[in-house]
Amino acid sequence: MNENIAFLELKYGNIYGGYPNFYAISEIALLVFERGSNKIFLESWINQADVDIVDVFAETDDLGHTTRRIREVLNMQTNQRFRYDEEFRLTDRDLQGAFRNLRSTKTAVKNFLHKNLRKYRFDDMIVFDGRRDIFLCERSGVSFDYVNIIDIQKDLNRETDYLFSLNKLATVVDFHTDRSYLRTHNLEYWLHPIAARQIMPGTAAFDAARLLMVFNEYNERHPDFMLRAAKLLNKIQKRKDAKAAAAAKLEQEEAARGKDEES
């Protein structure tokens, strides 16, 4: 018998020049996986309000390790990006205008999620570090009363005592997609063209696809998954140690040069 399981991913940011703790949802992706048939259904919602938000994303190395965090300004209506200025502040009038432009967002988010909760009828919904995602949805009036929410990041943290990022886990499972399939080290799922068009790097849909593959590798190939995760952490630690050793050597050489110049 086929059984649906859902994966929820949001993109959001605070209003540029506004309150740092007030977040506006810019994207929602709800990916539904039908166990048994391996069919994938993907529903996406994009906020097109004329509001600038701060988009924060990680730049990573080949191991999925974050090398720096980048802030950009994104206008949700035009999808244009601008340079972020941490000193920029909106006037009270402009801030109230941004709030007005966001008023319809709550209804849109509520309608989108409730429609798809009814449409696909799943019991379990997987999130990744999803506390704020769920809060923002509930603040929009969405009810998850009949859904069992599983945060895989928390499960992994309990098992490994390490707080994995989704970027690292995608590296662990060797996630990639060629627009026709989602593939990892052990798994492969065909994508309908409608779903494939939505799965672009940097989008909520892309993260939902990565979350699906990570979750299924973790549950269906658990010993292999844990071994690969341990190997990745070992590589990251070795790279950190090598960088620290190189920095210490450089400091010693500079100190030695300073003494030679003094003498």
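Computed values, structure above
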| read-out | value |
| --- | --- |
| Within region 80-220: Cβ-based charge dipole about Cα centre, in debye rounded to nearest 20 (Lys, Arg +1; Asp, Glu -1) | 900 |
| Binned Cα-Cα distances of region 158-263, short to long, each 10 Å bin given as a whole percent | 13, 33, 22, 13, 10, 7, 2, 0 |
| Solvent-accessible area, 1.4 Å probe, carbon plus sulfur percent, for region 207-249 | 57 |
| Highest-fluctuation residue, 55, 151, 94 considered, GNM on the chain with Cα pairs under 10 Å | 94 |
| Bridge type composition, region 80-227 - antiparallel percent by DSSP, nearest 5 | 55 |
| Of 11/154; 168/243; 110/154; 11/240; 39/106; 11/106, pairs whose Cα-Cα distance is over 24 Å | 110/154; 11/240; 39/106 |
| Rounded to the nearest 20 debye, dipole of region 142-263 from Cβ charges on Lys, Arg, Asp, Glu | 300 |
| Measure of compaction for region 27-91 (Cα Rg per 2.2 N^0.38 Å) | 1.58 |
| Charged-residue dipole, Cβ positions (Lys, Arg, Asp, Glu), the chain about Cα centre, Debye nearest 20 | 680 |
| The chain, accessible area per residue, ligands and nucleic acids excluded (1.4 Å, Å²) | 58 |
| Candidates 79, 38, 216: whichever shows maximal mean-square fluctuation once the chain is modelled as a Gaussian network with Cα springs under 10 Å | 79 |
| Sum of side-chain charges, residue 138 neighbourhood, beta-carbon under 12 Å (Lys, Arg +1; Asp, Glu -1) | +3 |
| DSSP H segments from the chain that extend 20 Å or more along their own axis, Cα-based, with Kyte-Doolittle mean of 0.0 or above | 204-220 |
| Percent of Cα-Cα distances greater than 30 Å, calculated over the chain | 39 |
| Selection from 149, 136, 214 lying farthest towards where the dipole of region 130-263 points positive, charges on Cβ | 214 |
| Which of 180, 117, 203, positive extreme of dipole for the chain (C-beta unit charges) | 117 |
| Loop-located chymotrypsin sites (Phe, Trp or Tyr not before Pro) in region 100-147, at most 10 other Cβ atoms within 10 Å (DSSP) | 146 |
| Protein accessible area in region 53-174, 1.4 Å probe - carbon and sulfur % | 42 |
| Proximal charge balance of residue 124 [Cβ under 11 Å; K/R count +1, D/E count -1] | -1 |
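The values are calculated or read from the model by the stated rules, or taken from the named source; none is laboratory data. Fair warning: this is a prediction, and the values are worked out from it, not measured in the lab. Here Cβ is always computed from backbone atoms with ideal geometry, including for glycine, and neighbour counts include all displayed protein chains. Please note that ligands, DNA and RNA were not included when accessible areas were found on the heavy atoms of the full protein model with its side chains. Shrake-Rupley method; radii C 1.70, N 1.55, O 1.52, S 1.80 Å.
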